[in-house]
Amino acid sequence: MKKIFFLPFFLLLAAGFGGCQNDKKQMEKELAELRELAKMDRQEMENQYEQFALQYDELKKGIKDDSLIMQLEEERQRTQELLEELRRTKENDAAEIRRLKKELETVRGILRTYIIQVDSLTRENGRLTNERDEARAQLVGANSQISSLNSERERLTDKVAIASQLNATAITATGLKKTGKTARKAKDIARFEVGFVINRNVTAETGDRKVYVRMMNPSGGVVNPTGHFTYENKQVEYSAVKNVEYTGEEQRVTMVVTTTNDYIAPGQYSIFIFCDGQMIGSSKVNLSK
C-alpha cells in the first residue's frame, strides 16, 4: 500500500523537474541572444572607430593647409586611441563600454564637421581651378573641370556615408494602462509608449525611414515579437515598427509596444532603436512591482 501511495508523488516531482529544466533552457537561450546582440553592438563600435580613423587619413589627401592637416592627424590619433581602449575593455564592463559609445558619437560629430570643412575647401579649389581652365582652354578646359568636379563629388559622397548615420537619443519607455493613463506598477501595464529624439543631421538623406524598436524583458526575451528585420546579416525580432519621414532636423518620435500576450514582470528592460540596418540608440528602464 505504501508503494502505491508514493508513486504518484514521485511522478509529479519528476514532471515538475522536467518543466523546470525546459524553463532553464529557454532562459539560457534568450540570455544567449541578448549577449550576442551586445557582442554585435560592440563589434559595430569597433568597426566604426576603424572607419573613422581611415576617414581622417582620406581627408588629409589633397589638402595643402598644414594647420588643417595637423588637426586631422590629432583627431585620427585620438580615434585610434579610443579604438585601442575599446579593444582592451572587458565585455562585461558596461560602464566603460557606455562611455566609449558616447565618445564615438563625439568623434562622429567632429568628423562630420571636418568633412563639411574639407568639402567647402574642395569646392573653393574647384571654383578657382575652373576659372583657370576657362582662361587657358575656354570651353574645352571648362568641360574637363566639370568632369573633375563630378568625380570629386562622388568621392566626397562616399566619405559622408558614415557621418550621415542617424542617431537616437533621449529614449524613454512609459508603461500605460488600458485606459491610457500612466501605470505605476508592472502588473498594470497594457502597453509601452516608447519615445526618442532623432537628432539633426545635415549630411543625412531626407525622406521616409523605417524605424524598429526591439524591447527586451528582464529574462532576455523580446516583448511583443512582431516580425524580423536584418541586422549584421542576421534576422532579428522587433517589438514595433514605424515609417518616419526624416527631414534632417531634430524630431521626436513616439512608438507603441503592445503587451497583450506578455506578462510584464518587474525588473530592468532594454530598448534598442534601429534604422537603415544600424543600431542608432539604446537605453534601459526599470519597472517596479
**Prompt:** For Y269, are the conditions met, namely being in contact (Cβ under 8 Å) with a residue 60 or more places away in the chain, surrounded by 15 or more Cβ atoms within 10 Å (Cβ to Cβ) and over 21 Å from Q43 (Cβ atoms)?
**Reply:** yes
**Message:** I'd like the full set of residues that are in a strand (DSSP E or B) and surrounded by fewer than 17 Cβ atoms within 10 Å (Cβ to Cβ), limited to the range 245-266.
**Reply:** E245, Q251, R252, T254, V256, T258
**Asked** Can you tell me which of V257, V222 is in contact (Cβ under 8 Å) with a residue 24 or more places away in the chain and not polar (S, T, N, Q)?
**Response** V257
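Before we move on, is N125 at pLDDT below 80 and part of a helix (DSSP H, G or I)?
When the stated conditions are applied, N125 passes them.
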**Fill in**
Counted residues in the range 220-240 being farther than 17 Å from T258 by Cβ and in contact with a helix residue (DSSP H, G or I) (Cβ under 6 Å, 6 or more places away or on another chain) come to 2
**Fill in**
Residues of the range 160-205 being in a strand (DSSP E or B), among the β-branched types (V, I, T) and surrounded by 15 or more Cβ atoms within 10 Å (Cβ to Cβ), in sequence order, are I171, V194, V197, I198
**Complete:** Y263 passes all but one of the listed conditions (1) free of Cβ contacts under 8 Å to residues at least 24 places away in the same chain; (2) within 14 Å of the chain's Cα centre (by Cα); the exception is number (2)
**Asked** Across the range 183-210, what is the total count of residues that are at pLDDT below 85 and among the hydroxyl-bearing types (S, T, Y)?
**Response** 1
**the range 233-268 - residue that is aromatic (F, W, Y) and at pLDDT below 95 and, of those, farthest from V223 (Cα to Cα)** = Y246
**Complete:** Taking the range 228-244 and keeping only residues that are farther than 17 Å from I271 by Cβ and either of a type in the set (F, W, Y) or part of a strand (DSSP E or B) (or both), one is left with H228, T230, K234, Q235, N243
**Prompt:** Counting only residues that are over 23 Å from G175 (Cβ atoms) and either of a type outside the set (K, R) or crowded, with 19+ Cβ neighbours inside 10 Å (or both), how many does the range 206-243 have?
**Reply:** 12
**Item:** the range 185-238, residues that are closer than 15 Å to Q251 by Cα and acidic (D, E)
**Value:** E205, D208
**Residue selected from the range 73-96 under the condition among the hydrophobic types (A, V, I, L, M, F, W, C) and at pLDDT 80 or above, by the criterion farthest from L54 (Cα to Cα)** = A95
**Message:** Take K102 and tell me if it is at pLDDT 75 or above, surrounded by fewer than 17 Cβ atoms within 10 Å (Cβ to Cβ) and part of a loop (DSSP other than H, G, I, E, B).
**Reply:** no
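The values are calculated or read from the model by the stated rules, or taken from the named source; none is laboratory data. Please read these numbers as outputs of a predicted model, since none were measured by experiment. So basically every Cβ, Gly included, is an ideal-geometry build from the backbone, and we count neighbours across all protein chains shown.
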